[in-house]
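Enquirer: First the structure, then my questions, so here it is.
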Amino acid sequence: MSLRKAIAGAAVLGGAIAAYLTVVHYSHISPICTSGGCEKVQQSSYAKVAGIPVAVLGLVAYAGVLLTAVVRGVPAALAGAVIGLAGTAFSGYLLWAQIARIHAICQWCVGNDVVIAVVAVLCVARALTEPDPPA
Amino acid sequence: MKRNRLILVAAAVGAAAVVAIVLILVAGNKKTATPTTNATATTAAPSRSLAGIPQQGTTLGKASAPATMIVYEDPQCPYCRSWNASTLPTVVDQYVRTGKLKVEYRGVVIIGPDSVRGLRAIYAAAQQNKGWSFADALYSHQGVENSGWITNGVILAAAQEAGADGQAILAGMGSSKVSAALVKAQKEATADQLRGTPTFIIVRPPAKSQQLTVAGLDPASFVPSLAAALQ
């Protein structure tokens with residue numbers, strides 16, 4: 001499987017998680033949760049950045065990654081790497097917030113953490129190996 | 001591998017770091033407002049919106065009101081703070097002040113350890129019939145979750161804004177009455193199948209109690225849902 005296809009697959013998976021959490025947020029319903037902490041996390045102040053739900057930011061980020069996977073070339077590969085790495089770093093911050101501040105773990109957030117980390121690794125690998133355009 | 005490509009990838013890592021730092025700063029910034037700053041900005045709000053409304057224990061409004069809205073809240077919950085600041089004044093003006101509705105506070109621990117301290121203070125204030133005013137004032141000091149933000153100083157400041165006796169609140173927080181009120185609220189929350197805060201239950205005998213489903217917590221979304229439930 002090519003790196004671009006793998007990135008696209010991971011982006012769709014991450015986008016599905018983000019889309020679910022976005023629907024949950026705007027529908028004012030509780031997420032399906034086996035970890036017991038999803039409500040706490042979703043209701044904490046960390047669930048929004050500048051008034052924008054983090055789930056929406058995730059949805060936009062995964063859409064961006066998917067777009068970069070569709071487009072060939074080094075610039076697209078680099079853009080994907082920027083989104084993937086920034087997303088991983090921010091997800092790490094939110095994981096810290098769950099553990100140290102909210103004292104609750106949301107399974108959907110952890111799932112997203114794993115997916116965005118995979119996306120970052122794949123995107124960096126692609127950025128390093130994407131063929132140069134013909135001279 | 002070409003050196004130029006490595007430089008480009010390194011630049012991408014740098015750009016990602018910048019984006020992440022900006023996101024983290026923005027995400028963290030909203031929670032770093034100091035209690036004193038918030039208190040200054042909102043000192044007048046609690047007394048203004050609840051002025052002239054009778055408070056008895058955890059109940060806000062006339063005892064004769066035909067309907068009751070139970071509100072489950074956590075003092076650390078940002079959505080509860082938002083509802084209290086933006087929508088409670090409208091509900092009070094349109095329904096409580098007119099005697100159509102009374103509102104009952106039920107504090108539950110959703111966010112964590114600081115919630116317990118905040119709820120103890122609120123229930124202690126309720127013993128002075130200032131529970132709603134104090135809860136409202138405490139929201140204006142809301143800080144980072146479980147950071148120890150509900151200090152004695154914050155409690156005293158909120159008490160002053162609410163027109164309550166702060167020292168009595170501090171003294172009463174550990175009382176058996178307050179402990180019993182917390183346990184009772186938690187049991188009621190379990191019975192009401194509480195899944196988050198704020199949650200609103202409409203009680204209008206002889207009709208069966210029902211959880212209020214709202215499209216949003218802002219007045220434009222909330223009030224029509226409340227009106228429909230009270231019809």
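Enquirer: Considering only DSSP beta bridges whose two residues both sit in the protein assembly as shown, what percent are antiparallel, to the nearest 5? Walk me through the numbers before you get to the answer.
Expert: Details: 13 of 20 bridges.
Around 65 percent antiparallel, to the nearest 5.
Enquirer: Just B:V154, B:V214, B:V22 to compare: in a GNM of chain B, with alpha carbon springs under 10 Å, which one fluctuates most?
Expert: Checking each option, the largest mean-square fluctuation is seen for B:V22.
Enquirer: Check A:I105: other-chain or 5+ apart residues with amide H under 5 Å from its amide H, H built from backbone geometry?
Expert: Counting only residues 5 or more places away or on other chains, the set is A:G37.
Enquirer: Another one. Cα axis of helix B:176-191 to longest principal axis of chain B: angle in degrees, 0 to 90, nearest 10?
Expert: 80 degrees
Enquirer: With all protein chains present, calculate the accessible area of B:S82 using a 1.4 Å probe and round the result to the nearest 10 Å².
Expert: The accessible area of B:S82 comes to roughly 60 Å².
Enquirer: Do any cysteines of chain A lack a neighbour Cys whose Cβ is under 4.7 Å away, and which are they?
Expert: So, A:C123.
Enquirer: First measure r as the distance between the Cβ atoms of B:D93 and B:R3, then evaluate 1/(1 + (r/R0)^6) with R0 = 51 Å and state the FRET efficiency to the nearest 0.05.
Expert: E(calc), rounded to 0.05, equals 0.15.
Enquirer: Given the -39500 (n - 2.57) contribution per DSSP H run of 4+ residues, what per-residue ellipticity at 222 nm results for the protein assembly as shown, rounded to the nearest 500 deg cm²/dmol?
Expert: My calculation for the protein assembly as shown gives -19000 deg cm²/dmol from helical runs alone.
Enquirer: Output the pairs from B:K100/B:K208; B:K130/B:K177; A:K40/B:K62; B:K102/B:K177; A:K40/B:K208; A:K5/B:K2 with a Cα-Cα distance over 27 Å in this structure; if there are none, say none.
Expert: On the way: B:K100/B:K208 18 Å; B:K130/B:K177 16 Å; A:K40/B:K62 33 Å; B:K102/B:K177 23 Å; A:K40/B:K208 29 Å; A:K5/B:K2 24 Å.
Result: A:K40/B:K62; A:K40/B:K208 exceed 27 Å.
Enquirer: Moving to a separate point now. Which shape class applies to the protein assembly as shown: rounded if a/c is under 1.5, otherwise prolate when a/b exceeds b/c and oblate if not, where a ≥ b ≥ c are the square roots of the Cα gyration tensor eigenvalues? Present the calculation step by step, with values, prior to reporting the outcome.
Expert: On the way: a/c = 2.85, a/b = 2.19, b/c = 1.30.
Prolate, since a/c reaches 1.5 and a/b exceeds b/c.
Enquirer: Related question: What does the structure give for A:70-83 when I average, per residue, the other chain Cβ atoms found within 10 Å of the residue Cβ?
Expert: Details: counts 0, 0, 0, 0, 4, 1, 0, 4, 6, 2, 1, 7, 10, 4.
Other-chain Cβ atoms within 10 Å of each residue's Cβ, averaged: 3.
Enquirer: Two-decimal Rg/Rh of the stretch B:34-230 from alpha-carbon positions, Kirkwood Rh? Before the final figure, lay out each step's value.
Expert: Numbers: Rg = 15.5 Å, Rh = 16.5 Å.
That ratio is 0.94, to two decimals.
Enquirer: Something else about it: With axes computed from alpha carbons, what is the tilt in degrees of helix B:152-162 against the longest principal axis of chain B, rounded to the nearest 10 within 0 to 90?
Expert: Once rounded, the angle reads 50 degrees.
Enquirer: Continuing with this model, one more query. Volume per residue, Å³, of the convex hull around the alpha-carbon atoms of the stretch B:76-163? Can you show the working numbers first?
Expert: Working: hull volume 7.9 nm³, N = 88.
Dividing the Cα hull volume of the stretch B:76-163 by its residues yields 90 Å³.
Enquirer: Using a 1.4 angstrom probe on the protein heavy atoms only, line up A:H103, B:H141 by accessible area, largest first. Don't jump to the answer; show the numbers that get you there.
Expert: Details: A:H103 95, B:H141 5 Å².
Largest accessible area first, the residues go A:H103, B:H141.
Enquirer: If you don't mind, another one. In Å², and per residue, what accessible area does chain B have when probed at 1.4 Å with the other protein chains present? List each step's numbers first, then the result.
Expert: Working: 10270 Å² over 231 residues.
Per residue, chain B has an accessible area of 44 Å².
Enquirer: Between the stretch B:1-27 and the stretch B:105-134, what's the alpha-carbon centroid distance in Å?
Expert: Between the Cα centres of the stretch B:1-27 and the stretch B:105-134 lies a distance of 45 Å.
Enquirer: Would you mind classifying the stretch B:186-231 by shape? Square roots of the alpha carbon gyration tensor eigenvalues, ordered a ≥ b ≥ c; an a/c under 1.5 is rounded, otherwise it is prolate if a/b is larger than b/c and oblate if not.
Expert: Cα axes put the stretch B:186-231 in the oblate bin.
Enquirer: Go through B:103-109, B:14-20, B:69-75 and give me the packing order, highest mean Cβ count within 10 Å leading. Kindly include the intermediate steps, with their values, before the conclusion.
Expert: Values: B:103-109: 22.4, B:14-20: 16.6, B:69-75: 25.6.
Final packing ranking: B:69-75, B:103-109, B:14-20.
Enquirer: Using all Cα-Cα distances in chain A, what percent lands in each 5 angstrom bin from 0 up to the longest?
Expert: So the P(r) values, bin by bin, are 2, 11, 21, 22, 16, 12, 8, 5, 2, 1, 0, 0.
Enquirer: Could you report the buried accessible area between B and A, both sides summed, computed with a 1.4 Å probe and given in Å² to the nearest 100? Mind showing how you got there, number by number?
Expert: Numbers: alone 11740 and 7450 Å², together 16350 Å².
Answer for the B-A pair: about 2800 Å² buried.
Enquirer: Ignoring ligands, DNA and RNA, what percent of the accessible area of the stretch A:1-89 is carbon or sulfur (1.4 Å)?
Expert: Working: 2900 of 3950 Å².
That fraction is 73 percent.
Enquirer: Taking the Cα atoms only, what angle lies between the long axis of helix B:219-230 and the longest principal axis of chain B, rounded to 10 degrees?
Expert: 40 degrees
Enquirer: Next up: Please report the antiparallel percentage of DSSP beta bridges with both residues in chain B, rounded to the nearest 5.
Expert: Working: 11 of 18 bridges.
Bridges in chain B are about 60 percent antiparallel.
The values are calculated or read from the model by the stated rules, or taken from the named source; none is laboratory data. Please read all numbers here as calculations on a predicted model, not as lab measurements. Here the Cβ is made from the backbone with ideal geometry for all residues, glycine too, and neighbour counts use every protein chain on show. Surface areas here come from the heavy atoms of the whole protein model, side chains and all, with no ligands, DNA or RNA. Shrake-Rupley method; radii C 1.70, N 1.55, O 1.52, S 1.80 Å.
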